[in-house]
Each structure stands twice: as structure tokens, then as C-alpha cells.
Amino acid sequence: ISASSKESSNDVSSASSSFPGSNKVDIEKSYIRSLATSFAWAASGGKSGAAFSRTTDDRFIIKCISRTELQMFLDCSPAYFEYLSKAFFHGLPTVLCKIVGVYQIGYHNRLTGKRSMEQVAVMQNIFFGRNISKIFDLKGSLRGRFTRQGNLDKEKSSGKGKQGRKSKSQHRRSRSPDYSDSDSESSDDDDEESLSTSGSENEKESIRSQPREASTDDKSTSIPTLLDGDFLEFTGGRPLPLTDRAKAVFHMSILNDTLFLSIINVLDYSILVGIDEERMELVVGIIDFMRQYDILKQMERVGKSLPMVVGSEAPTIIQPPLYKSRFTNAMERYFMTVPSKWTTI
């Protein structure tokens, strides 16, 4: 398991080495270069509708936040930096996603006289330099925690199975005794030649380049972020296995971070889990911890609790101590220790 604490603490300091002719003194310049080359990023999974951007070097994520979230972070920033200093200097296990900077950006249109102000938070990209195949955003609750992507995948898999059975049956019915694979290949080649002969050379190049563009777009687009219900479906309702050492570090990090967030009255956070199949590791980081339990969250909790019936799942918005308890209990259910020959009994 790869937590976002030790390895990621050197992300900013090592950013300067990626630019030629720069040294460690130019950390701020390299940071500015990264922010100057950011682009809009359609991140999936969140329900807040916030706008995201990502730097071209893939090191930082930029999120637009509200004024309320900005003020809440400024109020909690002394405790936040003190907590991170303990994690950095004293080796305190943590998986909090690092917030590199918080800024206000003002715009002034001199022609119309219109002024606008935006608040952004720059965070580390915990998946930098990783080949992530699946991403899960886990909160420990199952109420409304199932994405459309999971339903679409289900329908596609079931549809493919039905179509496969139909095509096989039709293929058996229509296949004649003198039918051969070479005939099918030649017929396919003839069809391709007939398609390619129609049109100009530019049309041929565009037809040939379209699949390549689609493949590159698929790589550049973000992987769909799945939720708790999708995670349980992915694991078959069983916990995801971790080594004893990884589980111990993960457990201590969750306890430390949730206790800290509960003390500063923060809730509605979640943990981002990425699966790196090449290294056989999990990359994790707690995100969205800039919202305190204020009057708006209390009203949201009451509003979501009213339509509840007996036996239904509890709302996602609850008091910070209860949120902490539910979150830690869910992490114990989602991940388990698998003993090895080095495990001590």
C-alpha cells in the first residue's frame, strides 16, 4: 500500500528537477510553471459540481472552492500545518492529501466593468507517476453511493453476453458446409477495399486516424471514479486483502487523520483509493476535508433524515464524531490483513 504521506512529501521539492537547467533553489519557479500550464479536467465522482484543472506535468490538481470552504480552511490552517509538521518531522502515519496552496483569483473586465473572484485550492496528485486501473471514492456509506458507470457496465456485460449467444446461434444456422475462414477474411478484405476506394486520400487518412485518436483520448481522459457500492461489487462483498505491515500503517493513518478531522469539526471527507496493478499496490489519500459541520450541514442532515424509513441506510451527513466512527468501521470492513510467512502470531 502506498500512502500519500512519505513519498508524496517530496513531490514539490523534486518538481524542479524535471525542468532542464534548474536546481532545487528554483522550487517556486517550477511550481509556477506547473500552474501556468494547467488545463480543464473533467473529474468524475463528485456531486458538488466543482470545476477541476490539472497541470500538464500531472503533479497538481486545482479545484475551485467556495468562499465558505476558503474561510473554513483559513480558520483550520494553523491546526492543519501543525498536524502535517508532526507527520513530517516525527513520522506520524497519515494519508491526508496535501494542500499545496489556496488562492483567490480576481478578474476585471475593463470594457464591461464586471469584476469576478474565484477561490482555488492546489492539491497534490496522489496518482502521479502511477498506472492506475481503477479509482474508488469511499465514504463508508451505501446510501446513494453507486455510480451510473457501474450500472452501465452491468448492462453492457449482460448485453454482450446475450448478443454473443445470439450471434453464435445465428452463426451456426447460417454456416454452410463449404464455408471457410479464408472466405470470410477475403470477404472482409473486399469490404474494406470497397470502403477505402470511395472518397479522396484525405478521407482515407481521416478514417484511418480516427481509431488512433480515440485510443489517445481514452488514455488522456480520466478514469471513472467509482463509489462504495461499486467497491463492494468489485470485491464481491469481501474485504480487499493487504499485507500485515500495510494494513497496520493504513489503520494507524486512518485513526490519526479521522481523529484530527473530528477535532477540527470537519466531516464529509472521503478516501481516494487507486489500484496500481503493475506494482501490485494501493495508492490512497483522504480528500475533501475543507468543510466543517456548520449550520448548512446541519440543515442538510435534517433534510436528508426526514424521508428516511425504518431499515434504510443512514444519511451521509452526520455529526463529525459519528462520521469518524462510521468511516473507520467501514475501512475495517473494506480492507483486511492477509498473513504471510513473516507475520508474527
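List of remarks:
- Listed by first and then second residue, the pairs linking a residue in the range 271-291 that is in a strand (DSSP E or B) to a residue that is open to solvent by 20 Å² or more (accessible area, probe 1.4 Å) and of a type in the set (Ser, Thr, Tyr), with Cβ atoms under 7 Å apart and 6 or more places separating them unless they lie on different chains, are 275/133.
- As a summary of the residue check, residue 259 satisfies the conditions (1) over 24 Å from residue 128 (Cβ atoms); (2) modelled with pLDDT of 95 or more; (3) crowded, with 20+ Cβ neighbours inside 10 Å; (4) of a type outside the set (Lys, Arg) except for the one numbered (3).
- Condition met for residue 12 (modelled with pLDDT under 75, aliphatic (A, V, I, L, M) and open to solvent by 60 Å² or more (accessible area, probe 1.4 Å)): no
- Selection within the range 244-256 - basic (Lys, Arg) and either at pLDDT 95 or above or open to solvent by less than 70 Å² (accessible area, probe 1.4 Å) (or both): 247
- Filtering the range 224-243 to residues that are of a type in the set (Gly, Ala, Ser) and open to solvent by 20 Å² or more (accessible area, probe 1.4 Å) leaves 236, 237.
- Any hit, the range 328-343, residues being at pLDDT below 90, over 23 Å from residue 132 (Cα atoms) and touching a Leu at 6+ places or on another chain (Cβ under 8 Å): no
The values are calculated or read from the model by the stated rules, or taken from the named source; none is laboratory data. Computed from a predicted structure; not experimentally measured. Methodologically, a virtual Cβ is constructed for each residue, glycine included, from the backbone with ideal geometry; neighbour enumeration extends over all protein chains shown. In case anyone asks, the SASA skips ligands and DNA or RNA and just uses the protein heavy atoms, side chains included. Shrake-Rupley method; radii C 1.70, N 1.55, O 1.52, S 1.80 Å.
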